[in-house]
Amino acid sequence: MNAASGMNQSLPRTSRSPGPQRIVILGGGFAGVSTAQELSKRLGADHRLALEGRPGPAADHSGSRGPVSVTLVSRDNYFVFQPLLADIISGAIETTHVVVPLRRMLKGVDVEVGYVEDIDTVGRHVHVRRRQSGARFTVDYDALVVALGSVTDFGAVPGMADNALGVRSLGDAFYLRNRALSMLEEAASEQDPDRRQALLRFVVVGGGSTGVEVAAELADLVHTARRTFVALPAPEVVLVHSREHVLSEFGERLGRYANKKLARAGVRLILKRRLVRVEPDRVELDDGTAILTATVVSTVGNAPHPVVARLGSATDPGGWIRPDATFAVPGFDRVWALGDCASILDPQTGRPMPATAQHAVREGPHAARNVLAVLDGGQPKPFHYGQQGMLVSLGRFKGVGEVLGIKVSGLLAWLLWRGYYLLRLPSWDRRLRVAIDWTLELFLAHDVVEISMRRTRTRPGEAVGEMAGEPVSVGARTDGEEELVL
């Protein structure tokens, strides 16, 4: 099957040494990065790791285990430790402390930054587009690992795509923090009481672990920031969830505990209700009620990456790749899939494995070993991992979770949550930085500064949030005269 039918086959290609076999990994998240790390470690130990454009090491005496190059294609040149994104919202940790440059993490691995546009499984190459210039090129492969993750699905609720925010990326978390502080600034000068309350009300949709953590950290941020405004009414964070209690996967007892702790933290819970429409100034629920708000945050709804969805026969009815137990994709030669983009059935339960970082960091090394086994003429092994537990932060000093079958809550769960993720950070310098951030947070107030991302413009209206007619620079062109030259 050619998933890139109709694509321009004359695109420039990255330089390629004729000798080494080439493993290409798509995606710079937990699954893709952990796969690349394991390949780098094993190939490096065997003196088989080759860099593109440089002479590779020679094959061993048997001639069957030759040099191999590893290339990772990512939309960003850094890895984001996503479990700590909620802490960016409240300011508990510095933004840069949850990111690590990919080239620093992946010694001996070639990193290509760009957007994956299509996969040609017949010609064995991937079509990629550069972020800045838009130039297109292809990356050839002998073995392909697809770990592109998922994308946010706003399509389930009318108006969600136009009027809601997501919290999937570092930019999302940073934007939400700035948005919340901007709403407080605007509310401070708003004379209409209804409009002021709408500005101060933040609606979070979804009571899973992401929704709960976002709601808790957002409440911490706005309540802390509000203390610096003299006459501003109290902000309100509202969490809408379709079930009787949040964190349903933890069971009723811990779910009810989380309900109680969130309420004490100032989060208003609306349970057993669903959104049916999102407007610029309100959300409508399935019981006919409306909540006035200027900020809606969606933590529900995932969809397959568009490139993944186009693989056709390799996907399940939902559009997710359905690999076998070794991560190999049926019907494709030397293609593996893992992480959030894949629906991997647990051989013990017959159900898809959870799309969590905990699984992804274990799938990656196993996939790397299977890829090398196939390239070297060996047999891949099926994957199985029994989840050890889950932990969720409910804000300062409060958490909930289950570890090795034991349910924990309160301060102990919060300490376990912080300790686990601190040890899972990918480098010692990031662990030290985050540990210092968390320690200082115990004694110092959070910064509540909105950091503007606007830059000096040559014409108005070029950036989201920039108003028409906003002063830019002396001699600036009027809007629409000509395009900027990048």
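The values are calculated or read from the model by the stated rules, or taken from the named source; none is laboratory data. Please read these numbers as outputs of a predicted model, since none were measured by experiment. As a convention, Cβ positions derive from the backbone with ideal geometry for all residues, glycine included, and neighbour counts pool all protein chains shown.
Condition (residue is assigned to a strand (DSSP E or B) and not hydroxyl-bearing (Ser, Thr, Tyr)) applied to segment 79-91: is it met by at least one residue?
Taking every residue of segment 79-91 in turn, at least one turns out to be assigned to a strand (DSSP E or B) and not hydroxyl-bearing (Ser, Thr, Tyr).
Within segment 169-192, which residues are outside any helix (DSSP H, G or I) and without any contact (Cβ under 8 Å) to a residue 24 or more places away in the chain? So that I can check it myself, show each step before the final result.
Of segment 169-192, the ones outside any helix (DSSP H, G or I) are 169, 189-192.
Matches in segment 169-192: Ser189, Glu190, Gln191, Asp192.
Under 6 Å by Cβ, and 6 or more places apart or on different chains, what pairs join a residue from segment 70-83 that is touching a residue at least 40 places away in the same chain (Cβ under 8 Å) and farther than 17 Å from Leu51 by Cβ with one that is assigned to a strand (DSSP E or B) and acidic (Asp, Glu)?
Final answer for the pair search is none.
Limited to segment 123-153, what total is found for residues that are of a type in the set (Gly, Ala, Ser) and more than 20 Å from Gly331 (Cβ to Cβ)? Show your work before the answer.
Going residue by residue through segment 123-153, those that are of a type in the set (Gly, Ala, Ser) are 123, 133-135, 143, 147, 149-150.
Those still in the list that are more than 20 Å from Gly331 (Cβ to Cβ) too: 133-135, 149-150.
The qualifying residues number 5.
Can you name the number of the only condition in (1) under 23 Å from Val157 (Cα atoms); (2) crowded, with 23+ Cβ neighbours inside 10 Å that Glu217 fails?
The single condition Glu217 does not satisfy is (1).
Any residue in segment 102-116 that is over 26 Å from Leu43 (Cα atoms) and surrounded by fewer than 16 Cβ atoms within 10 Å (Cβ to Cβ)? Quick ask: steps written out before the conclusion?
First, the residues of segment 102-116 that are over 26 Å from Leu43 (Cα atoms): 115.
Imposing the further condition that a residue be surrounded by fewer than 16 Cβ atoms within 10 Å (Cβ to Cβ) reduces the set to 115.
Yes, because at least one residue in segment 102-116 is over 26 Å from Leu43 (Cα atoms) and surrounded by fewer than 16 Cβ atoms within 10 Å (Cβ to Cβ).
Looking at segment 193-239, which of its residues are assigned to a strand (DSSP E or B) and within 22 Å of the chain's Cα centre (by Cα)?
Passing the criteria: Phe202, Val203, Val204, Val205, Leu239.
Which of the strands (runs of 3 or more DSSP E) contained wholly in segment 254-355 include at least 2 residues that are within 26 Å of Ser242 (Cα to Cα)?
Qualifying strands (runs of 3 or more DSSP E): 267-271, 275-279, 282-285, 290-292, 295-298, 302-304.
Among the residues of segment 391-417, count how many are part of a helix (DSSP H, G or I) and crowded, with 19+ Cβ neighbours inside 10 Å.
Qualifying residue count for the region: 3.
Can you pull out the residues in segment 143-170 that are under 25 Å from Ala36 (Cα atoms), crowded, with 20+ Cβ neighbours inside 10 Å, within 19 Å of the chain's Cα centre (by Cα) and aliphatic (A, V, I, L, M)?
Val145, Val146, Ala147, Leu148
Within segment 132-142, which residues are surrounded by fewer than 21 Cβ atoms within 10 Å (Cβ to Cβ) and under 27 Å from Glu38 (Cβ atoms)?
Phe137, Asp140, Asp142
Got a sec? Which of Asp316, Asp376, Asp333, Asp324 is at pLDDT below 90 and surrounded by fewer than 23 Cβ atoms within 10 Å (Cβ to Cβ)?
That would be Asp316, the only listed residue that is at pLDDT below 90 and surrounded by fewer than 23 Cβ atoms within 10 Å (Cβ to Cβ).
Among the residues of segment 240-258, how many are within 27 Å of the chain's Cα centre (by Cα), within 24 Å of Gln387 (Cα to Cα) and buried (at least 18 other Cβ atoms within 10 Å of the Cβ)?
Residues that pass the stated criteria total 7.
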